[in-house]
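Have a look at the structure below, then the notes.
Quick note: the coordinates plus some simple rules give every number you see, no bench work behind them. In this text the structure is predicted, and so the values were computed from the model without any measurement. Every residue, glycine as well, gets a Cβ built from its backbone with ideal geometry; the counts of neighbours run over all protein chains shown.
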Amino acid sequence: MDFRIDPELCVACLACVRVCPADAVAVEQQRVWIVDAACTRCGLCLPACPHEAITAGGDVERALELAESGRATLILTVESAAYFYPATPEQVVNACYAAGFRRVHRGVLGDELVAQEYTRVLADEGWGTLIRSTCPVIVETVRTQYPELIPYLAPVATPVAVEARYLKELYGARTPVVYAGVCLTEGGDDVDAAITFADLQDLFQRRGVVRVEDQPLHFNRVPEERRRHWSTAGGLPLEVLMEERHSSRRFRKLRGLSHLEALARAVAVDRIDLGFVDILPCEGCLDHPLLGPTEELFRRREIVGATEPARAREPVVDLAAAEAVRVGAAFSIPRDGAAPPAEAIDAILGQIGVAPNGKPWDCGACGYGTCRAFATAAALGRTTLKSCPPYLDKQAQHAQQQAAVDSLTGLATFRVLRDRLASETARRARTNEAFAVLFVDLDNFKQVNDQFGHEAGNDVLRNTASEFAALIRTTDLAARYGGDEFVLLLIRTGLQGALAVAEKVRADVEALGQRLGYPEGLVTVSIGVAEARSGPDQEDVLITADRALYRAKQQGRNRVATGENA
């Protein structure tokens, strides 16, 4: 079975990511796709997607080819009664014959053989814990996420795989077998093609079969065996379920993949013998997402129950053929290496950072339950940090800080200066409190670059900026205006106070040049000083300070000057 996400319908809401127990959904910005190698085919993503962007399908082309050959045997599971309702099982089987299938089996023979094998296994004493292995989703999840449970899986194959082997033994090894059901991985390599019921309906149309509802209400041919003797649906022996009803401590019924973690803890850590563990990812095949919403489960059970024939008094399988069928299964332990290196996960967690309380964010906005789960998926290439809101917020804050601080000098940028000037101008209009601006320019900066190199020039800029910090208050602002020009914004300071600060700046920079070893008079500044004035006709204070700077340059540089309207 292949699960696909339609990019035309997907809006990257991450609903599928949140429910996927195998972390098999990959995300990169607005692109979302399913990692086939990691997908366990549980189908939980289907009902979770609010946009119906996820589809599931089998090998319908191969099934069509086999049906056209007229030699194929179809395993049509009992859930078909609920899917094709109100058509009867007789009508569905007749449509399968009309499509070209030579034989149509109901899927009970595999259940019978598996139930018989479970009866033999459970008859042995001292097995401690035995986990039901008829569901491929459970088996695959155990193999990939809880390998410590692999030794406890019952050594029994899935009913569909066993039935396919039985049919090939019965009709010949070259008999092609097609499986139609909801859990398409159940047949494994033993079936020649696996399709969903929707695929089967499509096959009917492509083969020109009359509508299922219009097929005869009685079987066109003598039907294959439909009764059970030992089994219940899914391959468990009837006597085991009878034991469950008596609340035996040797039988535990669990539903949902979430129980596997507690199961692994109980068995591998606490060393508890749990008896036979009947665990499924849902309430059985009738609860599979391909059949519809869970709310209709009891309706589907009612429909299928009404079609169930009476139990056979004798075995319904050919015992001679059954003896040659391999019902057992062995589950290999995967080699280590599927998980990403711990260093890669920690590196991603470091980029995400922690919440203000020092703990992981674990906000779930990325679709994963925890930051570590997200980092693991990111290290495997199944998502990126662009899907992590705390990381994006951190990056936005960093970008905002970069936009506010000049990278060379550490002073504020022109953008911050502009906003602060607007704020102080508005405050002056309200309170009439003074503020002043110093427009500072390095006099011979081009000569420093030309004679000593640009790195020397950068060093002069950095040291000049450091001088400002020692001469202004924390409430004031020092900003790099651009190139070798700076602006100092002095809060609650009049013209005379600003002139005093400007003279200190001029003198300190001149002394700085001598300390750095430059020729006397090479590293100096000219400063224009202006006090902000109120009134609609007053000139912008920065323009006034710029004009004052021009006057200081005209007067011979290394000067402090005021505007004409000072």
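Classify the chain as rounded, prolate or oblate, taking a ≥ b ≥ c as the square roots of the eigenvalues of its Cα gyration tensor: rounded when a/c is under 1.5, otherwise prolate if a/b is larger than b/c and oblate if not.
Numbers: a/c = 4.01, a/b = 3.21, b/c = 1.25.
The shape class here is prolate.
Non-local amide H neighbours of Ile34 (under 5 Å, H modeled in plane, Pro and chain starts lacking H): which ones?
When sequence neighbours closer than 5 places are left aside, the close amide H contacts are Ile5, Ala26.
Taking the Cα centre as origin and putting +1 on Lys and Arg beta-carbons and -1 on Asp and Glu beta-carbons, what dipole magnitude results for region 337-394, to the nearest 20 debye?
Values: 5 positive and 4 negative charges, 22 e Å.
Here region 337-394 has a charge dipole of around 100 debye.
Give, rounded to the nearest 20 debye, the magnitude of the charge dipole that the chain has about its Cα centre when Lys and Arg contribute +1 at Cβ and Asp and Glu contribute -1 at Cβ.
Numbers: 62 positive and 76 negative charges, 141 e Å.
Result for the chain is approximately 680 debye, rounded to the nearest 20.
Which value in deg cm²/dmol, rounded to the nearest 500, describes the helix-derived mean residue ellipticity at 222 nm for the chain, given -39,500 (n - 2.57) per DSSP H run of n ≥ 4 and division by the residue count? The partial results should precede the final answer.
Details: 21 runs with 229 residues, N = 566.
So the calculated ellipticity at 222 nm is -12000 deg cm²/dmol.
Dipole of the chain (Lys/Arg Cβ +1, Asp/Glu Cβ -1, origin at the Cα centre): which of His288, Leu257, Val509 lies farthest to the positive side?
Val509
Residue separation times 0.36 nm, minus the C-alpha to C-alpha distance between Glu8 and Ala469: what's the value? Present the calculation step by step, with values, prior to reporting the outcome.
On the way: separation 461, 0.36 × 461 = 165.96 nm, distance 5.63 nm.
Here the segment from Glu8 to Ala469 would lengthen by 160.3 nm.
Based on the mean of other Cβ atoms within 10 Å per residue, sort peptides 104-113, 288-297, 436-445 so the most packed one is first. Mind showing how you got there, number by number?
Numbers: 104-113: 26.8, 288-297: 15.9, 436-445: 24.8.
Order by mean packing, descending: 104-113, 436-445, 288-297.
Cα-based count: Lys pairs in the chain below 18 Å, eight or more positions apart or different chains? Before the final figure, lay out each step's value.
Working: Lys359/Lys394; Lys386/Lys394; Lys446/Lys553; Lys504/Lys553.
Total qualifying Lys-Lys pairs in the chain comes to 4.
Show me, for region 505-511, the HN-Hα J-couplings you get by feeding each phi into the Karplus relation (A = 6.51, B = -1.76, C = 1.60, θ = phi - 60°), rounded to Hz, glycine and proline as x.
Each residue of region 505-511 in turn: 4, 4, 5, 5, 5, 4, 5 Hz.
Check which residues have an amide H placed less than 5 Å from Thr562's amide H, if you skip close sequence neighbours.
Val529
Sort Arg326, Arg165, Arg252 by Cβ crowding within 10 Å, fewest neighbours at the top.
Details: Arg326 12, Arg165 23, Arg252 18.
Ordered by Cβ neighbours within 10 Å, fewest first: Arg326, Arg252, Arg165.
So for the chain, averaging the separation of alpha carbon pairs under 8 Å that are six or more residues apart and normalising by length, what relative contact order in percent results?
Dividing the mean separation by the residue count of the chain yields 13 percent.
Rank the residues Ile131, Ile333 as a footprinting-exposure proxy: fewest other Cβ atoms within 10 Å of their Cβ go first.
Working: Ile131 24, Ile333 10.
By the 10 Å Cβ count, ascending: Ile333, Ile131.
Let me understand region 196-349 better: what is its radius of gyration from the alpha carbons, and its Dmax, in angstrom?
Spelled out, the Cα radius of gyration and Dmax of region 196-349 are 22.0, 66 Å.
Taking the Cα centre of the chain as the origin and placing charges on Cβ (Lys, Arg +1; Asp, Glu -1), which of Ile34, Tyr179, Tyr518 is farthest toward the positive end of the dipole?
Checked the options; the winner is Tyr518.
Taking every DSSP beta bridge that has both residues in the chain, what percent is antiparallel when rounded to the nearest 5? List each step's numbers first, then the result.
On the way: 30 of 53 bridges.
Within the chain, antiparallel bridges account for around 55 percent of the total.
Give, as a single signed number, the net charge of other residues whose beta carbon lies under 12 Å from the beta carbon of Cys285, with Lys and Arg counted +1 and Asp and Glu -1.
Values: positive: Arg300, Arg301; negative: Glu79, Asp111, Glu186, Glu283, Asp287.
Summing Lys/Arg as +1 and Asp/Glu as -1 gives -3.
For a quick check: sort Ser80, Ser466 by the number of other beta carbons within 10 angstrom, fewest at the front.
Values: Ser80 26, Ser466 14.
Ascending number of Cβ neighbours within 10 Å: Ser466, Ser80.
Lys/Arg Cβ at +1, Asp/Glu Cβ at -1, dipole of the chain taken about the Cα centre: which of Thr73, Leu217, Ala99 is farthest positive-ward?
Leu217
Could you run the Karplus curve 6.51 cos²θ - 1.76 cosθ + 1.60 with θ = phi - 60° over region 35-52 and give me ³J(HN,Hα) per residue in whole Hz, x for Gly and Pro?
Rounded to whole hertz, the list is 7, 4, 5, 9, 5, 9, 6, 6, x, 5, 6, 4, x, 6, 6, x, 10, 6.
Mind listing the long-range amide H neighbours of Leu254? Cut-off is under 5 Å, sequence gap 5 or more, other chains count too, H placed in the peptide plane at 1.01 Å from N.
Asp278, Ile279, Leu280
Taking θ = phi - 60°, what integer Hz values does the Karplus form 6.51 cos²θ - 1.76 cosθ + 1.60 yield along region 382-389, in sequence order, with x for Gly and Pro?
The phi angles translate into 9, 7, 10, 5, 5, 9, 9, x Hz.
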